[in-house]
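The structure under discussion appears below in the form of structure tokens.
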Amino acid sequence: MAKIKTKYYVVWQGRQPGVYASWEQAQAQVSGFAGAKFKGFSSRREAEQAYQESYEQFAGKTSRPAPKSAEELERLGVQTHAVAVDAACAGVPGPMEYRGVWLATGEEMFHRGPYEDGTNNIGEFLALVHALALLERQGRTDVPVYSDSKTALAWVRQGKCRTKHERTPRNEELFRLIERAETWLRRHPVRNPLLKWDTEAWGEVPADFGRK
């Protein structure tokens, strides 16, 4: 496989799978390794998300398209009477924040963080549960919630944040939020439709923090 001229690299199959910040580091894991699976991405966040999913979902795909307007999304069949969520993490791990926005207007519904020593997947999970809790409180359980994280959507459906990230004194506040979110899921059946945002077809999720 040819060298990919991007900043961050995911190695799904190699000597040591993971996310790497340079081609030289990634190359050491895949060079001469039979059946190596890897790909470059333009941002750390995008690479971290991809690592949680399968190589086949990204093989052959190019950079993400630009965000689309609400009118364009409606023409593509997207339900714009909906909420979109996203998270951002400066490092692996690092300070993490998350938010939700109304698709139709782009207005921010909530924004929390940054929290110390977090991960993007944790943020995506918390953002989904936060949106669900607010919508239930408002009696709007018919409003869909979009996320571009397959991992976070699965965790919410399972009612459990299955992160492998270690709990430490630095991220104690964050793990208390995780426990609170899991408790909410145990006590409240999810009624809102949870939908996967199709970034390739629809552009960047509108809740994206725009730091790529």
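Descriptive notes on the structure:
- Criterion (open to solvent by 10 Å² or more (accessible area, probe 1.4 Å), over 16 Å from the mean Cα position of the chain (by Cα) and under 26 Å from A21 (Cα atoms)) met by exactly one of E116, E136, E107, E97: E116
- Flag: V78 does not match the condition of being modelled with pLDDT under 85 and among the β-branched types (V, I, T).
- If you filter the range 173-191 down to residues that are assigned to a helix (DSSP H, G or I) and among the aliphatic types (A, V, I, L, M), you find that the one that is nearest to E116 (Cα to Cα) is L174.
- Where strands (runs of 3 or more DSSP E) sit wholly within the range 76-130, those with at least 1 residues that are in contact (Cβ under 8 Å) with a residue 60 or more places away in the chain and of a type in the set (K, R) occupy 94-102.
- Checked across the range 192-200, the condition of being modelled with pLDDT under 90, part of a helix (DSSP H, G or I) and either open to solvent by less than 60 Å² (accessible area, probe 1.4 Å) or among the aliphatic types (A, V, I, L, M) (or both) holds for at least one residue.
- Subset of the range 146-187 that is among the acidic types (D, E) and in contact (Cβ under 8 Å) with a residue 12 or more places away in the chain - its residue that is most open to solvent (accessible area, probe 1.4 Å): E173
The values are calculated or read from the model by the stated rules, or taken from the named source; none is laboratory data. Predicted model only: the values in this text are computed from it and were never measured. So basically every Cβ, Gly included, is an ideal-geometry build from the backbone, and we count neighbours across all protein chains shown. Accessible surface is based on the protein model in full, side chains and every heavy atom, while ligands, DNA and RNA are left aside. Shrake-Rupley method; radii C 1.70, N 1.55, O 1.52, S 1.80 Å.
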